[in-house]
Protein chains: 2
Amino acid sequence: MPYKITFYPNRKTVDAKEGQSILKAAGSHGIHINATCGGKGNCGKCRVVVKEGNVTTKQSGFLTEKDLAEGVRLACMTKAASDITVEIPLGSQMRRGGKIATGSKLDELQKIAGKTCDGEFRPVTRKLFLKLPHPDLDDNISDVERLKRELGKRGYEMADIHINLPIIRKIGKVMRAKGFMVTVTLLMVGNVIEVMDVQAGDTTRPRYGAAVDVGTTSLVVYVVDLLTGKVLDMASTYNPQVRCGEDVISRIVYASEMGGLDELQRLVIDAVNGLIEDIARRREIDPETIDNLVVSGNTTMIHLFYGIDPASIREEPYIPTATFLPLMRTRALGLNINDFGVIYAVPGVASYVGGDISAGILASRLYKRQELSLFIDVGTNGEIVLGNSDWMVTAACSAGPAFEGGGVKFGMRAMDGAIEKVAIDPETHEAKYSVIGHVPPIGICGSGMIDLIAEMFLTGVIDQRGKINLDAGTPRARQGESGPEYVLAWADETGTDKDISFTEPDVDNIIRTKGAIYAGFSTLLKEVGFTFADVEKVYIAGGFGNYLDIERAITIGLLPDLPIERFEFLGNTSIMGAYMALMSRNLRKDVEEIARKMTYMELSVSHAFMDQYISALFLPHTNAEAFPTVERMRKVAAGQSPP
Amino acid sequence: MPYKITFYPNRKTVDAKEGQSILKAAGSHGIHINATCGGKGNCGKCRVVVKEGNVTTKQSGFLTEKDLAEGVRLACMTKAASDITVEIPLGSQMRRGGKIATGSKLDELQKIAGKTCDGEFRPVTRKLFLKLPHPDLDDNISDVERLKRELGKRGYEMADIHINLPIIRKIGKVMRAKGFMVTVTLLMVGNVIEVMDVQAGDTTRPRYGAAVDVGTTSLVVYVVDLLTGKVLDMASTYNPQVRCGEDVISRIVYASEMGGLDELQRLVIDAVNGLIEDIARRREIDPETIDNLVVSGNTTMIHLFYGIDPASIREEPYIPTATFLPLMRTRALGLNINDFGVIYAVPGVASYVGGDISAGILASRLYKRQELSLFIDVGTNGEIVLGNSDWMVTAACSAGPAFEGGGVKFGMRAMDGAIEKVAIDPETHEAKYSVIGHVPPIGICGSGMIDLIAEMFLTGVIDQRGKINLDAGTPRARQGESGPEYVLAWADETGTDKDISFTEPDVDNIIRTKGAIYAGFSTLLKEVGFTFADVEKVYIAGGFGNYLDIERAITIGLLPDLPIERFEFLGNTSIMGAYMALMSRNLRKDVEEIARKMTYMELSVSHAFMDQYISALFLPHTNAEAFPTVERMRKVAAGQSPP
């Protein structure tokens, strides 16, 4: 028998299917609850409070006696046994929209977008309005041949024109609807010209396209005027696949071993449809006028988007099924735009360097420049590219999700309630912080963690190996439940009634993450015979980049100690590259060339990488000479004047 | 409430849907009842006898008082009002198989088939067995790129290789199923190479294809071994669309004005699936091993087969939607062969000269020869082609369905019970005849009609204008219900208890039909400045040709008076051409060239044709000099010795 579950603060009542967990019931009605592990009971993040009614639940080490007494349960482990009322605490909520990608306003987007294409707007499909001669007994070729002949007159090679059955089925009626005046949509791929659609009358305008960034964590959609290149609007949301697993590996397991491939595909397609609908409604455009879509994402996300089993991606030797996907009808994927619309996926390089990175290189213009540059995209993984217009090498650093909150006790994404900036008084070791959304803090996000560790390091709260100094002379540095920790916010300041602290294992986690990324840089440079001094530009991509304090990132040894002016924040280059490939078929060729040209290095089996990694497991690094600026800062912080 | 209808002699009981006519109920359960008009009550051929139960019916001028008293009703106008038992009389039965296309035995087929391809077997798809190198960390390109690379090594241009999503979705599993040994099916069109399928292990054999002739009246399927060209087996049946209308025009009306397009498509596709299944079962092959299909038929049949609205075909200026159709997946049409199989339609020329005629020209080799030839295919319409290796002109004669039984009182198709040969004693004017199936006659088929009219003409039973001589001195020439008629078989000899007679309107109908065909020949010849004497070869195609007596056809002026040795029967050239296009991609190019090269003449608006037609409305022709042989025969028949 199905029970009703009422969720607060959403005030939404849903029917739970028999045997369905609260997490599943919420998810299938669009109510998101955090679940880093995908609902397997391993992360303890999907805490909910059962306010009314009976439930059945499983024991979990994540819940204390006090939690249980207060009605706190893990949503993934708990099922309704009557109609129930459930509260989702702030810390378990994932709200649509949130902070992700709202940083850029439309006019900024517009400026960036226009610049990236050099104003060269030539989408891969073209619309032509044709007045065909009426047939008569002396000119009685078939409707299809009549159209081909007209295209032939306009310089298209008739033998190369393909018209598929769905178009043939409607062409007779369409031609006669408005006196043989029609608008054709042509797709040019190589020397083949495909007639994608035929419509009655002049429908050459308006025409829209959509660029889609499918991130592991979030989805972003731009809807773009294909005639002017103007970004009409954008929308974003969390990737609803998160409830099946937070990182790519757990989604691969969910898809391949738990039979969830179709579900994962449906989740992301539905969400993208929803974003497009939102924009269409808001801007009062007909989704039918959107006939072109470009999607960019990491290799696993693209496999899931297209419904391709990603199993082999996580098995050595880490082979993806495809890095290049064929141009195809959006309809075949269930996307609700023009019935004859086409979708293109930005091509990737390897299992762990996907189309989002190719798009990033396209957007950064690294591939057009003579100067040696580094490109880094820190998300759930850290992907890096080193190169110039002649060559490029790339690698993935398996950095782990620490900067997104994974494996860190109070870690969370950059959303309302997250501490994003931290300063520690060098004398008192008291902490000051600022919180996204100006609400009481509930956790700490990536940029906050970098600030925190840098500050702890510079003020001597932690040493080079990340050990917390319990004798620092502040009650904040204390022995906690799981060893030494530093209290960033006291319970009465927070939104959770608990002290927000940062533990030694948390510090360790961040050091391993930054170590992996820095070791990736070093390994690639060594491999091609260069040093950091030769790097003239460091491009930082990803939503993460918007909040990163470069100096602090250098302090902990995440970024190399180079002059600040060599660093450039690019924002979300995945969507930017998708936009560029949408607007210009020449840039589409460029990005294919980029994907083919990049040499992938598998770091996970590289001895050189392991050596570099071990050297980087210090703050900022075992080789202090590589970080002269940090040395100087430490001396200043320690009261020694600079030389 | 649905009633049960039990049909005899089929002994089959079916559920009739509410309001469904007996004709519809029979048809939807595979029981065929003749209905020339498609079930509109206009032809009076769907007579059934209600043996038990109650029915509701409409009045019809086709039924006499005696008919009604005996329980005879028109199946299209009658509905069950209780459970009923119905007998389908012999004259209303259309049996599967019948005489159609069973004339050729398999070894004959084989001989003809082999000859037509010159043993050059290169189907449009090719299967290759590949042993791919196993991936490792140093060779970690994607599965798709691995396959492309291997094909590249074998000389295929990698940039031209297309792999679609359904193949990509399965390629990962398929590659790993048998240690990276796979069989790929490649399709080459122009310079594009499409990977149609990937299967685990070596599946290069067996491999089959199917050639399909979709006639207005009948369907024929050959299943062919693609590796050897051997015709494995054939099967044929009536085109079940017949119950929606006998000729192309009534089917176009049914499709376009009565919303029956989907039904017509489903009927023919289901029937073709049935024939393929029959052969697969009989020969114990897996339909999955059939991966290539070629279909040939007139333009309307091909429109219906592909689900394209044929409306404009029957409206001046008679424009088909398409004469060339794209190569596509059989799955998209619901054909049950290999899931990744492809279908090709032999291209046509115009609304009334279809792919069956292009296939005929391919099979006849007319297009390869210097000598001037005529090609004629007499079915429901008469299509003719005049030309040689340099040029070809073609036309359709709107001959009408008289030779197939339409518009002739006792006309019927060439099946059991049809009188197919006739001789009239010049003295007594008594008739002798032979009947297909050696059963009592129930009607007369095309070849019988030609014999009969020729004999009546030579023995003076009719004159040059087709008027029956009631003073011929035989009770067979008499005044009937609808004017003068000649009794071919007396009631007690027949299977219907009625005299089988041939009336003046019947004769008139045949004269108009043969006149239209002969006028077509003359008009084309005149148009290009030749005469019959220049014609070195006359190819006669169509099932009809198998029974035609050339001399008798010349006698009535259907065929020109040329030496017998210039005529050649080719049988069903539509299926032969389909077979050739199946087995050889060069011949596929040839037939496309044929379709492009043929110049179509619209005779229905030609004054020259009208003049020729009026001159041909005599036996054999107003210009007796054009038929010297006939003149000689008449003199012999009249007792005058030859000069």
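The values are calculated or read from the model by the stated rules, or taken from the named source; none is laboratory data. These numbers were taken from a predicted model, which means no experiment stands behind them. In this analysis, Cβ positions are derived from the backbone assuming ideal geometry, glycine residues included, and neighbour counts consider all displayed protein chains.
Details
- Given (1) surrounded by 20 or more Cβ atoms within 10 Å (Cβ to Cβ); (2) within 14 Å of chain B (Cβ to nearest Cβ), index of the condition A:GLY209 fails: (2)
- Any hit, the range B:277-292, residues being under 18 Å from the mean Cα position of the chain (by Cα) and hydroxyl-bearing (Ser, Thr, Tyr): no
- In the condition set (1) over 29 Å from B:ASP534 (Cβ atoms); (2) away from chain A (no Cβ under 14 Å), B:VAL342 is compliant with all but (2).
- Condition check for B:SER389: part of a loop (DSSP other than H, G, I, E, B), surrounded by fewer than 24 Cβ atoms within 10 Å (Cβ to Cβ) and out of contact with any Lys or Arg (no Cβ under 9 Å at 6 or more places or on another chain): no
- For the range A:245-252, the count of residues that are out of contact with any His (no Cβ under 8 Å at 6 or more places or on another chain) and within 13 Å of chain B (Cβ to nearest Cβ) is nonzero.
- The listed residues are A:ARG632, A:ARG596, A:ARG588, and the only one of them that is basic (Lys, Arg) and crowded, with 20+ Cβ neighbours inside 10 Å turns out to be A:ARG588.
- When residues of the range B:386-431 are limited to those that are within 19 Å of the chain's Cα centre (by Cα) and aliphatic (A, V, I, L, M), the one modelled with the lowest pLDDT: B:ALA399
- Among the residues of the range B:246-292, those identified as farther than 16 Å from B:TYR208 by Cα and among the aliphatic types (A, V, I, L, M) are B:VAL248, B:ILE249, B:ILE252, B:VAL253, B:ALA255, B:MET258, B:LEU261, B:LEU264, B:LEU267, B:VAL268, B:ILE269, B:ALA271.
- Residues considered: B:ALA477, B:ALA414, B:ALA423. Of these, the only one that is within 23 Å of B:GLU631 (Cβ to Cβ) and among the aliphatic types (A, V, I, L, M) is B:ALA423.
- B:SER351 fulfils the conditions (1) at the interface with chain A (Cβ under 10 Å from one of its Cβ atoms); (2) under 30 Å from B:GLU288 (Cα atoms); (3) crowded, with 22+ Cβ neighbours inside 10 Å except for a single criterion, (2).
- When residues of the range A:184-205 are limited to those that are out of contact with any Lys or Arg (no Cβ under 6 Å at 6 or more places or on another chain) and of a type outside the set (A, V, I, L, M, F, W, C), the one farthest from the other protein chains (Cβ to nearest Cβ): A:ARG205
- Summed over the range A:439-490, the residues that are crowded, with 24+ Cβ neighbours inside 10 Å, among the β-branched types (Val, Ile, Thr) and part of a loop (DSSP other than H, G, I, E, B) give a count of 2.
- Scanning the range A:591-607 finds no residues that are of a type in the set (Gly, Ala, Ser) and more than 14 Å from chain B (Cβ to nearest Cβ).
- Residues that are within 23 Å of B:ASN298 (Cβ to Cβ) and assigned to a helix (DSSP H, G or I), drawn from the range B:330-343: B:THR330, B:ALA332, B:LEU333
- Residues of the range A:330-339 that are within 13 Å of chain B (Cβ to nearest Cβ) and among the β-branched types (Val, Ile, Thr): A:THR330 alone.
- Count of the range B:392-411 residues which are assigned to a loop (DSSP other than H, G, I, E, B), surrounded by 24 or more Cβ atoms within 10 Å (Cβ to Cβ) and out of contact with any helix residue (DSSP H, G or I) (no Cβ under 6 Å at 6 or more places or on another chain): 2
- Hits in the range A:296-329 (condition: more than 21 Å from the chain's Cα centre (by Cα), more than 9 Å from chain B (Cβ to nearest Cβ) and either closer than 13 Å to A:VAL248 by Cα or not in a strand (DSSP E or B) (or both)): A:GLU315, A:LEU327
- Output for the range A:354-393, where each listed residue is more than 21 Å from A:THR523 (Cα to Cα) and within 14 Å of another protein chain (Cβ to nearest Cβ): A:GLY355
- Residue pairs whose Cβ atoms lie under 8 Å apart, sitting 6 or more positions apart in sequence or on different chains, and linking a residue in the range A:609-632 that is under 17 Å from A:LEU458 (Cβ atoms) to a partner that is among the charged types (D, E, K, R) and assigned to a loop (DSSP other than H, G, I, E, B), are A:PHE618/A:ARG465; A:LEU619/A:ASP463; A:LEU619/A:ARG465; A:PRO620/A:ASP561; A:PHE627/A:ASP561; A:PRO628/A:ASP561; A:THR629/A:ASP561; A:VAL630/A:ASP561.
- Of all residues in the range A:626-642, those being part of a helix (DSSP H, G or I), under 23 Å from A:THR513 (Cβ atoms) and either under 26 Å from the mean Cα position of the chain (by Cα) or not basic (Lys, Arg) (or both) number 5.
- Members of the range B:136-157 found to be in contact (Cβ under 8 Å) with a residue 24 or more places away in the chain and within 12 Å of chain A (Cβ to nearest Cβ), listed by number: B:ASP143, B:VAL144, B:ARG146, B:LEU147, B:GLU157
- Taken together, A:LEU587, A:LEU603, A:LEU562 contain a single residue that is in contact with a Phe, Trp or Tyr (Cβ under 8 Å, 6 or more places away or on another chain) and modelled with pLDDT under 95, which is A:LEU603.
- Hey, B:LYS170 of a type in the set (Lys, Arg), farther than 26 Å from B:CYS43 by Cα and within 14 Å of chain A (Cβ to nearest Cβ) or not: yes
- Long-range neighbours under 6 Å by Cβ, at least six apart or interchain, first residue on the phi < 0 side of the Ramachandran plot within the range A:483-498, second at pLDDT below 90 and among the hydrophobic types (A, V, I, L, M, F, W, C): A:GLY495/A:LEU90
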